[in-house]
Amino acid sequence: MTHYQTQLQIKTTGKNFSPITPQLKQVVKESGIQTGLCTLFLRHTSASLVIQENADPDVLQDLAHFFAKLVPEDGISYIHDAEGPDDMPAHIRSVLTKTSEQIPIHQGHLLLGTWQGIYLWEHRSRGHHREIVIHISGN
């Protein structure tokens, strides 16, 4: 079994979904692994990784709108506010979503569904530099 590991640096622009599927496909290609597993780990607590609809941007807008209602940024609901009113809600949103994903690899390609894309979801109001560790194992 072969292991390949690298990191992906993503600069976000504030609350938004950053598509990372093209970069991940390139990493899988560079790994040379034909059959295996691609594990993604986001090294942050106020952003998340999601696999979601990649054809209709309304889906991502609806997700963002739903989470804004579910986890409000009202400035009064949380004790932790050291980094601003968006900080604790960002932590809660990352707990409700994920900071890691696993995608099978077959014939050197990620086995995503037809309409699936992989996104880094920034939960903070301002942009950040985010790191994703990519570990690929297989043959």
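The values are calculated or read from the model by the stated rules, or taken from the named source; none is laboratory data. Everything quoted here is computed from the prediction, not taken from an experiment. Methodologically, a virtual Cβ is constructed for each residue, glycine included, from the backbone with ideal geometry; neighbour enumeration extends over all protein chains shown. Just so you know, the surface numbers come from the protein's heavy atoms only, side chains and all, with ligands and any DNA or RNA stripped out. Shrake-Rupley method; radii C 1.70, N 1.55, O 1.52, S 1.80 Å.
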Pick the calculated Cα extents along the principal axes in Å for this structure from [x] 42, 38, 29; [y] 53, 38, 30; [z] 52, 30, 21?
[z]
Run the simple label-point estimate for K25 and L70 please: 7 Å along Cα→C-beta, distance reported in nm.
2.8 nm
Label-point separation (nm) for L37 and V50, each offset 7 Å from Cα along Cα-to-Cβ?
2.5 nm
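Got a number for carbon plus sulfur as a percent of the chain's accessible area, 1.4 Å probe? The partial results should precede the final answer.
On the way: 4220 of 7840 Å².
Here carbon and sulfur together make up 54 percent of the probe-accessible area.
Given a 1.4 Å probe and heavy atoms of the protein chains only, how would you sort E83, E131, largest accessible area at the top?
If we order E83, E131 from most to least accessible, we get E83, E131.
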Helical mean residue ellipticity (222 nm; -39500 (n - 2.57) per DSSP H run of 4+; nearest 500) of the chain:
-8000 deg cm²/dmol
Summing +1 per Lys or Arg and -1 per Asp or Glu among the other residues with Cβ less than 15 Å from G113's Cβ gives -2
L63 neighbourhood, Cβ < 14 Å, K/R = +1, D/E = -1, net charge -1
What residues of region 110-139 lie in the reach of a label at Y78, counting those whose backbone N is under 20 Å from a point 7 Å from the Cα along Cα→Cβ?
120-131
